[in-house]
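Asker: Pasting a structure here, questions to come.
The values are calculated or read from the model by the stated rules, or taken from the named source; none is laboratory data. None of these values were measured; they are calculated from a predicted model. Ideal geometry is used to build each Cβ from the backbone, glycine not excepted, and the neighbour counts take in all protein chains shown. For the accessible areas, the whole protein counts, side chains as well, though only heavy atoms, and no ligand, DNA or RNA atoms are used. Shrake-Rupley method; radii C 1.70, N 1.55, O 1.52, S 1.80 Å.
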Amino acid sequence: MTKILDWKKYTEVARRVVAEGCVLLENKDNVLPLKKGCKVAVFGRIQHNYYKSGTGSGGMVNVTEVTGITDGLKNSGLVKVDTELEKIYLEWEKENPFEVGIGWGQEPWCQKEMPVTLELAEECARRNDVALIIIGRTAGEDKDNLETEGSWYLTSLEKEMIKNVSTAFEKTVVVFNTGNIVDMNFVKEYNVKSVLYTWQGGMVGGLGVSDILTGKENPSGKLTDTIASSIKDYPSSSNFGSLKDNVYAEDIYVGYRYFESASKDKVLYPFGYGLSYTNFKVTAGDFEFDNGGNLPSVKFDVTVKNTGSCSGKEVIQIYVKQPQGKLGKPALVLADFKKTALLKKGKKAKLKFEFDISRIRSFDDTGITGNIDCFVCEEGLYEIFAGNSIRNLSKIGDFTLSETIVIEKVSDSLKPVTSFERMAAAYDESTKQLNFIKQKVEASSPYQNKHRNDNLSELDNFLERKNLNQDVLAVLKTLTDEELSCIVRGEGMGSPKVTAGTAAAFGGVSKSMNDKGIPCCCCTDGPSGIRMDSGSQAFSLPNGTSQACTFNPDLVKELYSFTGWEMVYNKIDILLGPGINLRRHPLNGRNFEYFSEDPYVTGIFASAIIEGLHSAGVTGSLKHFCCNNQETGRWVSNSVVSARALREIYLPGFEMAVKNGADVIMTSYGSVNSMWTSGNYDLVTQILRKDWGFTGIVMTDWWAMSNDEGKEPVRFNVAQNVRAQNDLYMVVPDAAENAHNDNTLTALQAGELSRNELLRCAYNTVSFLKKSHAQSRLENRDVKVVIKNRKKTAMDGATDKIVYYDTVDGLSIPLDHVDTSRGKSYSFGIVTKDQSLYRIELVGKTGDNDLAQVNVSVSYNGVNIAVLCWNGTHGAYETKGLSMDRPLNRNVVVNLYFAQSGLTLKEFKITKIKDNN
Ligand code: BGC
């Protein structure tokens, strides 16, 4: 079967995501959209240094080109960009180049800005109608944002630029190209008319943003976070960044759950907020409460009418006010949302909503309601509101529960082992206000080993169990202990057994396992598109913030179905994303990868992405499970968090995606309640697999540590991961070598790890692999993907119409038809099925000039491995080549680039020089 991946359509969908993700916070005097033909002066160096994503593994996608905001505006043909001002920037940038920093995570959060004097601004104001100021920020893995200028705060040069420009211009628009929110107090200080968050939109970001600026698209994005007036207002501020014990004292009161309950006046822009170029009227329709079903449920509709002057989409958000009961609750909780289709002016749409009360469940971790370890809905009045932000709501209906209802009892797992004080809501009858009080969270004794030991007998006679897949068990029966120890180790980064430059290979990483029918699976980052460090290019996606702010999961699902086929094309089975940690604090460096401060929004987008990838038969790994809520000290920091906060806000995003079919999860680096997540039995077995019914694979984050209960964490404690049912330790250079001396086999021999536990992990992995494209590749029956409408790239011939040749001991490929003129290139593919070492050679001839230098550059999978040179051969064929000192990748694209004309090629030869089987 052949599948066509249309790059043009891929681009169009990504562009729409960027546009729908833009959030318009201010638009005084309707300065936006820019009038057709108006003259625009663009300020800020980001006009030439657009951030397509944040840094680290969530951003490393090699691209053919990135379209920034100024390019987008110019391409639109709808406005005139002031080229004189642009020239001034270009000159200044020559002296002040973009600083990339040295090493991993070292890129600065912001770049030095060109000083903009009042004189310059006034000069520009004389020849332009509107000023557009672009402010940029990055952040990422291993590096949180800071409460400093250039990170959370604007720099003095940025402020001066805004001040001078907004003094000189009547119309100033400020556009943010950032991973997530930053300090917004400048809006009150300066004469800024419009403010637009555009996030980091991937390689086509500028196109989507310019669609919004020029009015081709109407903004419909909404904030997935609350923007408070001070960073100190966020209740997690006092503990954010702690290196050792990171106490989650704010408990469930993160984001709007806190601000709307007792600190409304501290909010600059509320959760769910975002303006449009048109207006909408929201009217409540019929409301029904059904108490007869399995769980009480509500059904209602909301009519949205476009009452303004242009077409647009609106997001209707449903919030519930619950009875305070014994547990105490946030003032409002998001229960649902829906986005309308594009509504022409004057048109209306009826949106239908239906959900049961499990959407608004609370978790009782103390037994105060009489239902310990249960999700409950407490007795009392429930009021339902609809609107277009948490601050603009109308009541839709209400219902009363005459008694507390237990939604579900779950396992007694992952409780804190240190006592601490948390915030709890207390309703004051006299003032009718919600206040926060301190509440002691009691410590439980460590019991993860006990849980594991109590459950060990469930694994008795594992290989004979009738309720498991018999084909998979048949394969497992053939595996030796060594092979079992290999199957719990992933190889990487850049394993030669899979697509070059990817993060890991796992499963059938040896020939013996391939012969037993176990394929080798390939996974790579990540949330912003396919990362191949070989240099191969891929589609870079809008970041997580941008995706979620669309409030349009169907659109995001469509986007990821394209990414899915792009993965199949690149022979990649698992994307290491989406990142779905909750945005506990605005300074988390990886917030750009994540979706929201709200777990429901998070779960909806995680599910949409996985569904999109599944439509192409590939998948994504939800990460980082769980509480990877800061980058500072992420290896060592221990999140001290209540079971209520875990169950109500930190886990539900994962839970929803798992219940909607997610089949791969990556644990985090750090510890939750004193057990590092990689080897955390309660998290991975009790909660994920037993409470939620997950049957897929779990992998560690790269080189993560784990600890035995009560002990310090170490790397390569694979035995503990296996006990916890974390199936894959990521990553080692070669799974069979065990170069790091991990403890899998020693623990097995010492009786500290049962063979059945190893078999259980192998079962999870093999069951997953059997359904993957990796299996089809092993059996040579995989779908062929052809990319059409992609702009020509250096890699082009190397990937499009490639003919693959299988090699076992060696082979010869005739090349006498190849056009070797200067500047041409030619590519073909080689498939090797083993780990042997090969010599590769080219046979060619040239003329009589002994001093001729006819070079052919040879690369494999985009990486140059040799430049072979022929001098005059006097018409006789000469062989040039090199012996590879490491195994070839399983699928290698060989590209020959002819730097100089004059060579006649005869053949390419590949010969086995060392059998590694
Ligand atoms: C990151 C993961 C990433 C992995 C592989 C780790 O450092 O935390 O998110 O998927 O590296 O690149």
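Asker: Out of all the residues in the range 749-763, which are assigned to a helix (DSSP H, G or I) and open to solvent by 30 Å² or more (accessible area, probe 1.4 Å)?
Answerer: Q749, R755, N756, Y763 - these are the residues of the range 749-763 that are assigned to a helix (DSSP H, G or I) and open to solvent by 30 Å² or more (accessible area, probe 1.4 Å).
Asker: Does V61 meet the test of being in contact with a helix residue (DSSP H, G or I) (Cβ under 6 Å, 6 or more places away or on another chain) and outside the structural domain of G589 (by TED's automatic domain parsing)?
Answerer: Spelling it out, it is not the case that V61 is in contact with a helix residue (DSSP H, G or I) (Cβ under 6 Å, 6 or more places away or on another chain) and outside the structural domain of G589 (by TED's automatic domain parsing).
Asker: Every residue in the range 504-529 that is of a type in the set (G, A, S), in contact with a helix residue (DSSP H, G or I) (Cβ under 8 Å, 6 or more places away or on another chain) and open to solvent by less than 10 Å² (accessible area, probe 1.4 Å), please.
Answerer: G507, G508, G526, S528, G529, listed by residue number.
Asker: Please determine whether any residue of the range 180-196 is in contact with a helix residue (DSSP H, G or I) (Cβ under 8 Å, 6 or more places away or on another chain), among the small types (G, A, S) and open to solvent by less than 10 Å² (accessible area, probe 1.4 Å).
Answerer: Yes, the range 180-196 has at least one match.
Asker: Let me confirm something: among P496, P527, which residue is within 15 Å of the ligand (Cβ to nearest atom) and touching a Pro at 6+ places or on another chain (Cβ under 6 Å)?
Answerer: P527
Asker: If you don't mind, another one. Of the numbered conditions (1) open to solvent by 10 Å² or more (accessible area, probe 1.4 Å); (2) closer than 29 Å to L223 by Cβ; (3) within 16 Å of the ligand (Cβ to nearest atom); (4) of a type in the set (S, T, Y), S561 fails exactly one; give the number of that condition.
Answerer: Looking at each condition in turn, S561 falls short on (3).
Results for (1) more than 30 Å from G617 (Cα to Cα); (2) in contact with a Ser or Thr (Cβ under 8 Å, 6 or more places away or on another chain); (3) in a loop (DSSP other than H, G, I, E, B), shown as yes or no for each residue.
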site	(1), (2), (3)
I4	no, no, no
K9	no, no, no
E12	no, no, no
R15	no, no, no
V18	no, yes, no
L32	yes, yes, yes
G37	yes, no, yes
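Asker: Out of A168, A139, A121, A131, report the one residue that is over 16 Å from L85 (Cα atoms), in the same structural domain as G37 (by TED's automatic domain parsing) and in contact with a strand residue (DSSP E or B) (Cβ under 8 Å, 6 or more places away or on another chain). Can you show your working first?
Answerer: On the way: A168 fails: over 16 Å from L85 (Cα atoms); A121 fails: over 16 Å from L85 (Cα atoms); A131 fails: over 16 Å from L85 (Cα atoms).
Among A168, A139, A121, A131, only A139 is over 16 Å from L85 (Cα atoms), in the same structural domain as G37 (by TED's automatic domain parsing) and in contact with a strand residue (DSSP E or B) (Cβ under 8 Å, 6 or more places away or on another chain).
Asker: Out of curiosity, is S430 out of contact with any Pro (no Cβ under 7 Å at 6 or more places or on another chain), farther than 18 Å from R647 by Cα, modelled with pLDDT of 95 or more and among the hydroxyl-bearing types (S, T, Y)? Don't jump to the end; show me each part of the working.
Answerer: On the way: out of contact with any Pro (no Cβ under 7 Å at 6 or more places or on another chain): yes; farther than 18 Å from R647 by Cα: yes; modelled with pLDDT of 95 or more: no; among the hydroxyl-bearing types (S, T, Y): yes.
Judged against the criteria, S430 is not a match.
Asker: Another question, if that's okay. Evaluate the range 598-611: report whether one residue or more is in a loop (DSSP other than H, G, I, E, B), within 16 Å of the ligand (Cβ to nearest atom), over 9 Å from the mean Cα position of the chain (by Cα) and β-branched (V, I, T).
Answerer: The answer is no, given that none of the residues of the range 598-611 is in a loop (DSSP other than H, G, I, E, B), within 16 Å of the ligand (Cβ to nearest atom), over 9 Å from the mean Cα position of the chain (by Cα) and β-branched (V, I, T).
Residue by residue, here is whether (1) within 17 Å of G21 (Cβ to Cβ); (2) of a type in the set (V, I, T) holds:
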position: G529; (1), (2): yes, no
position: Q547; (1), (2): yes, no
position: M567; (1), (2): no, no
position: I574; (1), (2): no, yes
position: R583; (1), (2): yes, no
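Asker: Just checking: which of the helices (runs of 4 or more DSSP H) contained wholly in the range 441-553 hold 1 or more residues that are touching a residue at least 60 places away in the same chain (Cβ under 8 Å) and of a type in the set (A, V, I, L, M)?
Answerer: On the way: elements: 448-455, 470-477, 481-487, 511-515, 544-549.
Once the helices (runs of 4 or more DSSP H) in the range 441-553 are filtered for at least 1 residues that are touching a residue at least 60 places away in the same chain (Cβ under 8 Å) and of a type in the set (A, V, I, L, M), what remains is 470-477, 481-487, 544-549.
Asker: List pairs: first in the range 142-165 and more than 11 Å from P115 (Cα to Cα) and in contact (Cβ under 8 Å) with a residue 12 or more places away in the chain, second within 16 Å of the ligand (Cβ to nearest atom) and among the polar types (S, T, N, Q), Cβ under 7 Å, 6+ apart or cross-chain?
Answerer: Listed pairs, sorted by first residue: D144/N588; D144/Q630; D144/T632.
Okay, residues lined up against (1) touching a strand residue (DSSP E or B) at 6+ places or on another chain (Cβ under 7 Å); (2) farther than 25 Å from C549 by Cα; (3) part of a loop (DSSP other than H, G, I, E, B):
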| position | (1), (2), (3) |
| --- | --- |
| S242 | no, yes, yes |
| V254 | no, no, yes |
| F300 | yes, no, no |
| K329 | yes, yes, yes |
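Asker: Here are R465, R391, R422: which of them is open to solvent by 40 Å² or more (accessible area, probe 1.4 Å) and not assigned by TED's automatic domain parsing to the domain that holds S510?
Answerer: Being open to solvent by 40 Å² or more (accessible area, probe 1.4 Å) and not assigned by TED's automatic domain parsing to the domain that holds S510 holds for just one of R465, R391, R422, which is R391.
Asker: How about the range 725-748: which of its residues are open to solvent by less than 10 Å² (accessible area, probe 1.4 Å) and hydroxyl-bearing (S, T, Y)?
Answerer: Y729, T744
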